[in-house]
Amino acid sequence: MSKGSRVNALLVEILLAILFFALSATVILQCFSAAYEQANRAEARDCALYAAQNVAAALYAAEDRAQALRDRGFSEDESWVLEGEGWRLSVSLDSQAAGAGVMETAEILATAGETALFRLPVARYLPKEAVQ
């Protein structure tokens, strides 16, 4: 084998090694990028869940549910809306009167962009004596 062909074989081998490491770096970069995005989504979901639980507790305890939502920074559009960092809470309020009292319900919907993260229903029954 001549000296020139050995050099060519070495160069091809080095080129293949460089190509392999470049491909490996690309795959690893994609893995880290996907992990970063997943961590951001999880953080937004956790923050939204924490905020939704606080709102649910406030709605359960409040005498004036609309004022409780205003106090927590909600704005009234078609439903009550609170924007967070990467998430959004929408609250819809409802109440149904019955002979023995009133059933107050609310549904808290958390979204991130166009994706629904979760729904949290809240219900409270007020006997007739408590409503008067």
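Coordinate-derived values only; no laboratory data. Owing to the predicted nature of the structure, the values given are computational and were not obtained by experimental measurement. Cβ: placed from backbone, ideal geometry, glycine included. Neighbour counts: every protein chain shown.
Calculate how steeply helix 3-61 sits against the longest principal axis of the alpha-carbon atoms of the chain, using the helix alpha-carbon long axis, and give the answer as 0 to 90 degrees to the nearest 10.
10
Give me the percent relative contact order of segment 3-131, please, defined on Cα pairs under 8 angstrom at least 6 residues apart.
17
Identify the GluC sites (Glu not before Pro) of segment 75-114 meeting these criteria: DSSP loop state and at most 10 other C-beta atoms within 10 Å of the C-beta.
Sparse-neighbourhood loop GluC sites (Glu not before Pro): GLU78, GLU85, GLU114.
Just one of [x] 22.8; [y] 8.5; [z] 11.8 is mean projected area of the Cα convex hull in nm² calculated from these coordinates, so which is it?
Correct label is [z].
With label points built 7 Å along Cα→Cβ from the Cα atoms of LEU16 and THR105, find their separation and express it in nm.
6.8
How about segment 34-67: which GluC sites (Glu not before Pro) there are in a DSSP loop, with at most 12 other Cβ atoms within 10 Å of their Cβ?
Here the sparse-neighbourhood loop sites are GLU63.
Which far-off residues, 5 or more places away or on another chain, put their amide H under 5 Å from the one on GLY101, with H placed in the peptide plane?
Close amide H contacts, sequence-distant or interchain: LYS128.
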